[in-house]
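Down below is the structure, laid out as structure tokens.
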Amino acid sequence: MRRRAAPLAVSALLLAACTSSTGGGGEESGTARAATAAPAERLTLVADEEPAAAAVSASRALFEEAGVVVVAPDGDAAATLLGASAAVGLGVPLLLDPEGGGAGDDAVAEELDRLGATSVLAVGGEGAPGDADVVTVPATAEAVAAATGLDLADADPVPADGQVAAVAALEPDAPAALTPADAGGAASGEAASGEASGELPEVERAEPLEGTVVLADGAPASLAGVATARAAGAAVQVTGGQTDPRGSTGVVEAVAGADTVVALGPGFGAEDGLDWKLETAATGAQLPAGGQVLFPQHFLVALYGHPGTAGLGVLGEQDVDAAVQRARDTAAPYQALVQDATVVPAFEIIATVASEFATEEGDYSYEAPVELLQPWVDAAAAAGLYVVIDLQPGRTDFVTQAERYRSLLEQPHVGLALDPEWRLLPNQVHLTQIGSVSIEEVNRVVTWLADLTREKRLPQKLLVLHQFRVDMIPGRESVDLSRDELSVMVHADGQGSQPAKQDTWRVLRGVGPEGLAWGWKNFYDEDVPMLTPEETIAQVSPRPQLVTYQ
């Protein structure tokens, strides 16, 4: 027979602070009551370094009351895993009895008192802090099953690096008897034939917290908290150490439908901007290959050019549908060569084209209307391609031109490229000198694009800085890399012989700063010879994140 927790009447004060769910009834003699409570805030951070403290914090975040609580000795893997099985099966919190007592004991005792615990199931230990009645049981599946009345399914022993994920996968209706691999399922502390020292009251589970998602970074300190989350009926997504909620398809999908999120694990405490990153992930919008962060998950292969103009690059040599197929065909050979990222075909569309002659606005730059580019951006979205909007601004500035294409940049699969070669000073004209841009102007673009990305809660955007000479971006070592809304890339645009291109690559990479992404361009007509995909991966080191074809 399964034991389930009885209902709890929630006070008006509690209702004002949080959403609670309880079972029904609960007045019978010998019946324990439990009540879950969704956090009052959209994001709750549980980042305690110590496992016992993290267990208490998770219990506070998710439970309002529990007449029965499971306690295991902190540091005893066998007892903790079986305690997790018991807690999930019963629908009650799992706390850890800290080694050395002191303040840790006080925190556990206070939490037991807050929960109104009248009984404690101590798995693998001799007791528990506080005044509740303690039922002790050895850390064996048989003993835990006998004490709880749970039908614990057999489970393979769990390796140390998989224990958090195994607890996250526990099903309340069919909990497995988890044991550490290095213990082989053996008893911890007492003999396997040991019996419980008393009897637990009947427990009736509260209604599950279906609107709450718990993100667990996978650190050992989060294990008991994960068990408490599953006991409360919350969904748990283990991130494998990744603490940016935008970072994977699974996490984005998990938080997109959640009312509240608990970030559980010490790694989340160090994640700058966790609140806005969570809100971005909650939109559910994703990059073409999933997730909301570009690198290292993605490897882009792009066609470069201007729609309808073959002379400016291969993108314009065919119509939009044929260009989509050509981008796919160009990217395809890289998938077998790049094993640790998803290859994504892309367009780099020249939106503003440097002009040898004065234009209507006198800026020596032809600014393509959004209406011309929109079908290409839409076709890319439908086909799963990424898009980069490229600017050749002439005598105007990059922010002014970028603003013209705000509506395109507000789409989740569209990034921006700056081409300093075509950035003129007043009274300069194209083709008489190589242009340049100040680092101050570049950083104004960084701020503008990052602010737009955060305001619209968009996936991370690519900002490409084209360069083939150091003096095209003087002071580049001071580029602002502090905005996680963007991935800033230097794209090596040199053409000609391969030794010359490699020398350009080496010089540009020597400028810094650390943390830049890198791109490489292959020219069909100007390179001598142009590298094949196999040669690009083998010879361009370290491997770039974007390869463009012109």
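Give the residue that is surrounded by the most Cβ atoms within 10 Å (Cβ to Cβ), with candidates limited to residues of the stretch 245-267 that are among the hydrophobic types (A, V, I, L, M, F, W, C) and in contact with a helix residue (DSSP H, G or I) (Cβ under 6 Å, 6 or more places away or on another chain). Applying the filter and picking the extreme gives L264. May I ask you to verify whether S487 is exposed (fewer than 15 other Cβ atoms within 10 Å of the Cβ), polar (S, T, N, Q) and assigned by TED's automatic domain parsing to the domain that holds V445? In short, no. The residues listed here are R469, R454; of these, the one that is in contact with a Phe, Trp or Tyr (Cβ under 8 Å, 6 or more places away or on another chain) and surrounded by fewer than 22 Cβ atoms within 10 Å (Cβ to Cβ) is R454. So which residues in the stretch 323-347 are closer than 15 Å to A381 by Cα and either out of contact with any Pro (no Cβ under 6 Å at 6 or more places or on another chain) or of a type in the set (D, E, K, R) (or both)? Passing the criteria: A323, V324, Q325, R328, P345, A346, F347.
All conditions but one from (1) in a loop (DSSP other than H, G, I, E, B); (2) out of contact with any Leu (no Cβ under 8 Å at 6 or more places or on another chain); (3) surrounded by fewer than 18 Cβ atoms within 10 Å (Cβ to Cβ) apply to L481; the one that does not is (2). Restrict the check to the stretch 423-432 and report whether at least one residue is part of a helix (DSSP H, G or I) and touching a residue at least 40 places away in the same chain (Cβ under 8 Å). No: the stretch 423-432 contains no residue that is part of a helix (DSSP H, G or I) and touching a residue at least 40 places away in the same chain (Cβ under 8 Å).
Taking each residue of the stretch 391-419 that is without any contact (Cβ under 8 Å) to a residue 40 or more places away in the chain and in the same structural domain as L431 (by TED's automatic domain parsing) and looking for partners that are hydroxyl-bearing (S, T, Y) and part of a strand (DSSP E or B) with beta-carbon atoms closer than 7 Å, six or more apart or interchain, yields T396/S365. Among the residues of the stretch 337-351, the one identified as β-branched (V, I, T), without any contact (Cβ under 8 Å) to a residue 60 or more places away in the chain and over 22 Å from D321 (Cα atoms) is T342. For A258, indicate whether it is assigned to a loop (DSSP other than H, G, I, E, B), farther than 24 Å from D451 by Cβ and touching a residue at least 40 places away in the same chain (Cβ under 8 Å). Yes; evaluated as a whole, the condition is true for this residue.
Can you find a residue that is of a type outside the set (A, V, I, L, M), more than 16 Å from R114 (Cβ to Cβ) and touching a Gly at 6+ places or on another chain (Cβ under 6 Å) anywhere in the stretch 64-76? Before you say what the answer is, go through the steps one by one.
If we filter the stretch 64-76 for residues that are of a type outside the set (A, V, I, L, M), which is where we start, we get 64-65, 67, 73-76.
Next cut, more than 16 Å from R114 (Cβ to Cβ) only: 73-76.
Pick out the ones that are also touching a Gly at 6+ places or on another chain (Cβ under 6 Å) and you get 73, 76.
Yes, the stretch 64-76 contains at least one residue that is of a type outside the set (A, V, I, L, M), more than 16 Å from R114 (Cβ to Cβ) and touching a Gly at 6+ places or on another chain (Cβ under 6 Å).
Could you tell me whether T239 is closer than 30 Å to F295 by Cβ, touching a strand residue (DSSP E or B) at 6+ places or on another chain (Cβ under 8 Å) and either modelled with pLDDT under 95 or of a type outside the set (A, V, I, L, M) (or both)? So that I can check it myself, show each step before the final result.
Working: closer than 30 Å to F295 by Cβ: yes; touching a strand residue (DSSP E or B) at 6+ places or on another chain (Cβ under 8 Å): yes; either modelled with pLDDT under 95 or of a type outside the set (A, V, I, L, M) (or both): yes.
So T239 passes the test.
The values are calculated or read from the model by the stated rules, or taken from the named source; none is laboratory data. Keep in mind the model is a prediction, meaning the values are calculated, not measured. Reconstructed Cβ throughout: ideal geometry from the backbone, glycine too, with neighbour counts over all protein chains shown.
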